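Input: a single structure, listed below in C-alpha cells.
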Amino acid sequence: MQFLLYGADSQRSKKQLDKFVAEFKARRDPQGYNTVILEGENLLFEDITGHYTTSPFLGEKRLVVIKNISKNKDISVQENLCAVFEANQL
C-alpha cells in the first residue's frame, strides 16, 4: 500500500502521517523495529531501495516513510521512485 501526502497544508499532512505511523506501530510494530523514517532531501535511490526491500524483523510488514522527497536535487531519484510506484513494486 502506498500513500502520498503533499500540498500547502503541511500541518494536516504531518498530523495524518503521525496518525499512520501510530496506527502501524500499535497494530504491527510496537517495538519500532520495522518503522523507518527517512529524510528525502539527500537520499540516493539505492538507499531507498535498501530500506523497502529489506524483510521485516519479527513482523509481517515494514513501514518506510520518506519525508521531503520533492526537495531532493537529484531528479533521477524522484523519477525512479515514480517508476517503482507505477509498476506497483512496493
* Some residue of the stretch 12-26 being of a type outside the set (Val, Ile, Thr), at pLDDT 90 or above, open to solvent by 100 Å² or more (accessible area, probe 1.4 Å) and in a loop (DSSP other than H, G, I, E, B) -> no
* Structure fact -> Scanning the stretch 43-90 for residues that are touching a strand residue (DSSP E or B) at 6+ places or on another chain (Cβ under 8 Å) and not in a helix (DSSP H, G or I) gives LEU43, ARG62, LEU63, VAL64, VAL65, ILE66, LYS67, ASN68
* Asked: For the stretch 33-75, what are the residues that are small (Gly, Ala, Ser), more than 17 Å from PHE3 (Cα to Cα) and open to solvent by 40 Å² or more (accessible area, probe 1.4 Å)?
  -> SER55
* Within the stretch 1-11, which residues are closer than 21 Å to VAL84 by Cβ, aliphatic (A, V, I, L, M) and either touching a residue at least 40 places away in the same chain (Cβ under 8 Å) or open to solvent by 100 Å² or more (accessible area, probe 1.4 Å) (or both)? -> MET1, LEU4
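The values are calculated or read from the model by the stated rules, or taken from the named source; none is laboratory data. Quantities reported herein were computed from a predicted structural model and do not represent experimental measurements. Don't worry about glycine lacking a Cβ; one is built from the backbone with ideal geometry, like all the others, and counts go over all protein chains shown. Note: areas computed on protein heavy atoms with side chains; ligands, DNA, RNA excluded. Shrake-Rupley method; radii C 1.70, N 1.55, O 1.52, S 1.80 Å.
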